[in-house]
Amino acid sequence: MSKLVIDGNKVLNGVITASGAKNSALPIIVASALAEEESLLRNVPHGTDVETICSILSSLGAKVSWDGPGQLRVNGAGLKKSKAPYELVRKMRASFYVAGMLLGRLGEAVVPLPGGCSIGSRPVDFHIKGFEALGADVTLEHGSMKARAKRLTGSKYYVSRASVGATVNTMLAAVLADGTTVLENAAREPEVVDLANLLSAMGAKIRGAGMDVIRIEGVDRLHGTEHEIIPDRIEVGSYLILGAMVGGEVVVENAMGEHLRSVLASLEAIGVKIKESTTAIQVSRPDKLAPLNIVTQQYPGFPTDLQAPFSVLLTQADGVSTVRETIFDGRFKYVDELRRMGADIQVERDTAIITGPAELAGAPVEATDLRGGMALVIGALSAQGRSEIIGLEHIDRGYENLEQKLQNLGASVKRFRANAVRS
Ligand code: EPZ
């Protein structure tokens, strides 16, 4: 079992460069296979989730190849299989995006339903409702969704709970449908806008992405293009929170502050000093941190993906803070591990009550999901003494070159890979 060994309580200074957005790259890589030509994608993060989606596309017949750091070539010309492989799809929920693409491209999709997840139940009923709204005939058999349509027909679809995934999947199906689709109550995340920009560059006709009504006029075919993925706002936010906790001065390059307004406002509200330029954001830890009450919301509200990292920061605030999670029903699993490091956090239903400041002490801990895992890394970097973190397969899904980036800030962090030969 690989582990990270961290010696904490060091003041960190320096520059960290954010990678491309995982949650933008995943739908954009799938969308590129909608064309029977090659697209070149830049600033693609090379994490395990991206590797999984590339393997799924290759298994379906598309051509996917890395062409230098962060550069991915995707060509959907060879796409011919409509059945996605269970052993790959089961690894990652976003694999379900291939359903919308296959339905739009081939008129048929057979995709295993994603399992539960360590942050709560994550059904795909809103995605299926979108496909049915476009005229697909959908059945659920033997743990897979089977969707068929000679050609999808544009229509109106009210996206329940402004679901990011359902918005994205319905967009992927609608761009090649016959007629116009109107998505109401659509997700407004920057990653949805990035996807719409990619699709438009491929010849799709999309208006309104970033607002809650997206209008898509179906076209007959799409062509290849070149596209640069936006910076990963959740990675940027994670490192800004780290800087607020253990800076010195930490600068995050390749950062778009406009994608993080609610997080920057929350950091300033607790006393963190922030300096923004067009491409970078600098934070430094203040002498005292004030407590705060946070509620996670759909974009542009406070992002659920930074709930865990921000909660770690609030363990250092002078007083009682509350963090209410409204998006997922099981996103506090990291709290038990954080309490083992000395955090004073009680979880009552959908709210964490955090009393600070609490002296964190290093401990052996286990990551159980991507963002909760990053929260443990941040806690370990602040704690007195040594921590050992296992469950790295979760963290590696969304934080490219993690230990190198942290070492650039002067952190004492080493990865010990599982022994190839059992000792
Ligand atoms: C996307 O997940 C992101 N993943 C998540 O990031 C992010 O936390 C989430 O959006 C919210 O911002 C990717 O983009 C790959 P939703 P998604 O559909 O699409 C329920 C990370 O750490 N729901 O907006 O799954 C769902 O269970 C990941 O990078 C249904 O009930 O989020 C949740 O409670 C974690 N039925 C709520 O809606 C559905 O069909 C919002 O989910 C779909 C969703």
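Miscellaneous remarks
- Out-of-range pairs (alpha-carbon distance over 29 Å; input K3/K83; K81/K333; K22/K275; K3/K80; K91/K273; K10/K91): K3/K83; K81/K333; K3/K80; K91/K273; K10/K91
- Normalised per residue, the volume of the convex hull around the Cα set of the stretch 7-93 (Å³): 121 Å³
- Cα→Cβ-extended label distance, 7 Å offset, between E132 and Q297, nm: 3.1 nm
- Dividing the convex hull volume of the alpha carbon atoms of the stretch 147-199 by its residue count gives 78 Å³ per residue.
- Estimated [θ] at 222 nm from DSSP helical runs (n ≥ 4, -39500 (n - 2.57)) normalised by residues in the chain, nearest 500: -9000 deg cm²/dmol
- A 1.4 Å probe run over the protein chains yields, for the stretch 22-228, 39 Å² of accessible area per residue, whole-number rounding.
- The antiparallel fraction among DSSP beta bridges confined to the chain stands at about 70%.
- Rounded Å value of the spacing that divides the Cα centres of the stretch 7-67 and the stretch 94-148: 22 Å
- Per residue, the convex hull spanned by the alpha carbons of the stretch 22-228 comes to 98 Å³.
- Whole-angstrom gap from the stretch 340-360 to the stretch 370-423, using each part's C-alpha centre: 22 Å
- Computed in the context of the full set of protein chains, the accessible area of the chain at 1.4 Å probe radius has 48% of its extent on carbon or sulfur.
- For H394, solvent-accessible area (1.4 Å; no DNA, RNA or ligand), Å²: 50 Å²
- Taking the Kirkwood radius as Rh and the Cα radius of gyration as Rg, the chain has a ratio of Rg/Rh equal to 0.98.
- Degrees between helix 190-201 axis and first principal axis of the chain (Cα, 0 to 90, nearest 10): 30 degrees
- Accessible area per residue for the stretch 239-324, computed on protein heavy atoms with a 1.4 Å probe, is 36 Å².
The values are calculated or read from the model by the stated rules, or taken from the named source; none is laboratory data. All of these numbers come straight from a predicted model, not from anything done at the bench. Note that we place each Cβ from the backbone using ideal geometry, even for glycine, and neighbour counts take in every protein chain shown. The area values use the complete protein model at the heavy-atom level, side chains included, leaving out ligands, DNA and RNA. Shrake-Rupley method; radii C 1.70, N 1.55, O 1.52, S 1.80 Å.
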